[in-house]
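K.L.:
Quick one: structure below, then a few questions.
The values are calculated or read from the model by the stated rules, or taken from the named source; none is laboratory data. In this text, all values refer to a predicted model and were calculated from it rather than measured experimentally. Every residue, glycine as well, gets a Cβ built from its backbone with ideal geometry; the counts of neighbours run over all protein chains shown. Surface areas here come from the heavy atoms of the whole protein model, side chains and all, with no ligands, DNA or RNA. Shrake-Rupley method; radii C 1.70, N 1.55, O 1.52, S 1.80 Å.
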Amino acid sequence: MKLAELETFVVGNAPPGFGGRYFVFVKLTTACGIVGYGEIYAASFGPDAMTRLTEDVFARYLDGADPFAIEVFFRRAYGSGFTQRPDPTMCGIVSGLEMAMWDIIGKSLGKPVHALLGGRVHERLRSYTYLYPKGDEDHAAFYGDPDLSAERAAEYVEEGFTAVKFDPAGPYSVHGGRQPDQEDLQRSELFCRRIREAVGDRADLLFGTHGQFTASGALRLARRIEPYDPLWFEEPVPPDMPEEMTKVARGTAIPVATGERLCTKWEFARLLSTGAASILQMNLGRVGGLLEAKKIAGMAEAWHAQIAPHLYCGPIVAAANIQLAACSPNFLILESIRRFDGFHADILKTPLRWENGYVTVPDAPGLGVELDEDVARAHPYTGRALHLDMTQHPVDPIRDRRFPRDDEA
């Protein structure tokens, strides 16, 4: 069995766009006609450039190759051009292609991927979602209103969620980290208070940040929200120096979670060896693939750390996350985008199954999902923007105040 063809789909995310502006899916086909799907979560370059780069990697390392040769592919791509170091763009491409290879392997053997990575440990997977505005709500107004977030949190808990995530701590910039100002601190505490009042002890609070603070600034913020007992404090400082994150982990009672921007076992090993985080949030579309993620989960298990696979992209990464979580003893919780409904369901022939706060682990061969190519082709992304962006200038607390004061409203 040999890999013979690659096709890439850059799909515009239909409104309201939860999960990013677009998704990059790949389709690999073997010479004998077996199809595997994957998804790339790499945002450093525009989607047209990512398509060309993916074609280059396929031509160099996979055209005519055995889809079972996962380790060989990873090492050749990881060392491409005399690199041998984590590169988010290369690792994102490798992740999507490797995911599709596992899909082919599972289909050829008639087994789900989790059965090939050690076997299922969990029958169902606890999940959480961000607090999202409804279709008729102004997004900016919603994200600035702790009462609306508390109301939405209560609604999600009634649906079955036992954990909700929110990130009210202010803008994040390419010039981070910074110190939170008093408004950041007060707003963050107020969100925690209102949401805790709304859900009581029925749900965990997941406090999201995006690397916007210095270690000392993150600790000031942590002290303000500790009384509300969040399950985690996510990426409190930029991801490039775990030693600084260690200062936060040692200085707060809130568990530190991180990893959505990291690649490969080597970057996650630094987190574990420095004690920077006890919850690892690898994204299966960026980290280097399913096998690499399984190795990271194994390392984390040895350090008594847990995994909580990250998702802010499309449903094929979600499907890969599910396969990893199902066979990982140290799985904690899975990120979902609401209930995997809306466009995340429309783009698949059979949607992922979510019920009462849990995701059902599929038994179908491979990743357990199939891309609906007709829907994918009907929603091409034609813009030039990146999947996600950060503020391009240093944060000014007056100019960049996310939400107006009462006397300015």
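K.L.:
Computing the accessible area with a 1.4 Å probe over protein heavy atoms, can you report the carbon and sulfur percentage for the chain?
P.N.:
Answer for the chain is 51 percent, counting heavy atoms of protein chains only.
K.L.:
Between their Cα atoms, which of Lys111/Lys294; Lys165/Lys247; Lys265/Lys294; Lys2/Lys27 are more than 20 Å away from each other?
P.N.:
Over 20 Å Cα-Cα: Lys165/Lys247.
K.L.:
Here's something else I'd like to know. Once the mean 1/r over all distinct Cα pairs of region 32-82 is inverted, what Kirkwood radius in angstroms do you read off?
P.N.:
12.5 Å
K.L.:
Let me ask something else. Using DSSP to define loop residues, name the GluC sites (Glu not before Pro) in region 65-141 whose beta-carbon has at most 14 other beta-carbon atoms within 10 Å.
P.N.:
When the GluC sites (Glu not before Pro) of region 65-141 are filtered for loop state and at most 14 Cβ neighbours within 10 Å, Glu123 remain.
K.L.:
Counting only Cα, what are the radius of gyration and maximum Cα-Cα distance Dmax of region 143-289, in Å?
P.N.:
Rg then Dmax for region 143-289, in Å: 15.1, 42.
K.L.:
A further question follows. Running a GNM on the chain with Cα contacts under 10 Å, which residue among Pro309, Pro15, Pro171 ends up with the highest mean-square fluctuation?
P.N.:
Of the options given, Pro15 has the highest mean-square fluctuation.
K.L.:
What list of ³J(HN,Hα) values in whole Hz, one per residue of region 196-213 in order, does the Karplus curve 6.51 cos²θ - 1.76 cosθ + 1.60 (θ = phi - 60°) give from phi, with Gly and Pro shown as x?
P.N.:
4, 4, 6, 9, x, 9, 7, 8, 7, 9, 10, 8, x, 10, 10, x, 7, 10
K.L.:
Using a Debye calculation, one point per C-alpha and no hydration shell, please list log10 I(q)/I(0) for region 217-348 at q = 0.12 Å⁻¹ in order.
P.N.:
The Cα Debye sum returns log10 ratios of -0.45.
K.L.:
Where does helix 242-251 land angle-wise versus the long Cα axis of the chain, in degrees 0 to 90, nearest 10?
P.N.:
Helix 242-251 and the main axis of the chain meet at about 40 degrees.
K.L.:
May I pose another question? Amide H neighbours of Glu370 under 5 Å, counting only residues 5+ apart in sequence or on other chains, H built in-plane at 1.01 Å?
P.N.:
The answer is Lys349, Thr350.
K.L.:
Okay, next question. What is the diffusion coefficient of region 251-291 in µm²/s, taking the Kirkwood radius over Cα pairs and the Stokes-Einstein relation at 4 °C with a viscosity of 1.567 mPa s?
P.N.:
It diffuses with D of about 122 µm²/s by this estimate.
K.L.:
If you don't mind, there's one more thing I want to ask. Show which aspartates and glutamates lie in cross-link reach of Lys349 when reach means a straight Cα distance below 20 angstrom and same-chain residues fewer than eight apart are skipped.
P.N.:
Glu7, Glu39, Asp103, Asp341, Asp363, Glu370, Asp372, Glu373, Asp374
K.L.:
For Arg178, what residues show an amide H to amide H distance below 5 Å, using hydrogens built from the backbone and excluding near sequence neighbours?
P.N.:
Result for Arg178 returns Phe213, Thr214.
K.L.:
Let me ask something additional. Identify the chymotrypsin sites (Phe, Trp or Tyr not before Pro) of region 75-169 meeting these criteria: DSSP loop state and at most 12 other C-beta atoms within 10 Å of the C-beta.
P.N.:
Here the sparse-neighbourhood loop sites are Phe82.
K.L.:
Continuing with this model, one more query. What accessible area per residue, rounded to a whole number of Å², is obtained for the chain using a probe radius of 1.4 Å?
P.N.:
Spelled out: the 1.4 Å probe surface of the chain, per residue, equals 40 Å².
K.L.:
Work out the length of the dipole vector of the chain about its Cα centre, built from +1 on the beta-carbon of each Lys and Arg and -1 on the beta-carbon of each Asp and Glu, and round it to the nearest 20 debye.
P.N.:
1060 debye
K.L.:
A further question follows. Build a GNM of the chain with springs between Cα atoms under 10 Å: which of Thr162, Thr214, Thr83 gets the top mean-square fluctuation?
P.N.:
Per the Cα network of the chain with a 10 Å cutoff, Thr83 tops the list.
K.L.:
Does the chain come out rounded, prolate or oblate, given a ≥ b ≥ c as the square roots of the eigenvalues of its C-alpha gyration tensor, rounded meaning a/c under 1.5 and, failing that, prolate meaning a/b above b/c?
P.N.:
Prolate.
K.L.:
Specify whether the C-alpha gyration tensor of region 78-133 places it in the rounded, prolate or oblate class, a ≥ b ≥ c being the square roots of the eigenvalues: rounded for a/c under 1.5, otherwise prolate if a/b is larger than b/c and oblate if not.
P.N.:
It comes out oblate by the Cα gyration axes.
K.L.:
Just to check I understand the Karplus step: with θ = phi - 60° and J = 6.51 cos²θ - 1.76 cosθ + 1.60, what whole-Hz values come out for region 286-294, glycine and proline as x?
P.N.:
9, 6, x, x, 5, 5, 4, 5, 5
K.L.:
Run through all the Cα pairs of region 1-109 and give the fraction in each 5 Å bin from 0, expressed as whole percent.
P.N.:
2, 13, 24, 24, 18, 12, 6, 2, 0
K.L.:
Could you tell me how far the Cα centroid of region 340-397 sits from the Cα centroid of region 124-186, in Å?
P.N.:
20 Å
K.L.:
Ok, one more. Considering only DSSP beta bridges with both partners in the chain, what is the antiparallel share in %, to the nearest 5?
P.N.:
50 percent
K.L.:
Would you calculate a helix-derived [θ] at 222 nm for the chain, using -39,500 (n - 2.57) for each DSSP H run of n ≥ 4 and dividing by the full residue count, to the nearest 500?
P.N.:
For the chain, the value works out to -11500 deg cm²/dmol.
K.L.:
Shifting gears a bit: Once you sort the root eigenvalues of the Cα gyration tensor of region 297-339 as a ≥ b ≥ c, which label holds: rounded (a/c under 1.5), prolate (a/b larger than b/c) or oblate (the other case)?
P.N.:
Prolate.
K.L.:
Follow-up. Give the angle, between 0 and 90 degrees and rounded to the nearest 10, that separates the Cα long axis of helix 88-109 from the longest principal axis of the Cα atoms of the chain.
P.N.:
Long axis of 88-109 versus the principal axis of the chain: about 50 degrees.
K.L.:
Using the Cα atoms of region 5-58 to build a convex hull, what is its mean projected area in square nanometres?
P.N.:
Mean shadow area of the hull around the Cα atoms is 4.0 nm².
K.L.:
Round to the nearest 10 and give me the degree value, 0 to 90, for the angle of helix 315-326's Cα axis relative to the longest principal axis of the chain.
P.N.:
90 degrees
K.L.:
May I ask you to evaluate 6.51 cos²θ - 1.76 cosθ + 1.60, the Karplus curve with θ = phi - 60°, for each residue of region 35-50 and list the ³J(HN,Hα) values in order in whole Hz, giving x for glycine and proline?
P.N.:
Computed from phi, the couplings for region 35-50 are 10, x, 10, x, 9, 9, 10, 9, 10, 6, 10, x, x, 5, 5, 5 Hz.
K.L.:
A further question on this structure: Name the long-range amide H neighbours of Phe331: under 5 Å, sequence gap of 5 or more, or other chain; modelled H, no Pro or chain starts.
P.N.:
Ile307
K.L.:
Residues of region 212-246 with amide nitrogen under 20 Å from the 7 Å Cα-to-Cβ point of Glu183?
P.N.:
212-214, 217-218, 220-222, 224-225
K.L.:
Which residue, Asp201, Asp229, Asp63, has the most motion in a Gaussian network model of the chain that connects Cα atoms within less than 10 Å?
P.N.:
Top of the fluctuation ranking is Asp201.
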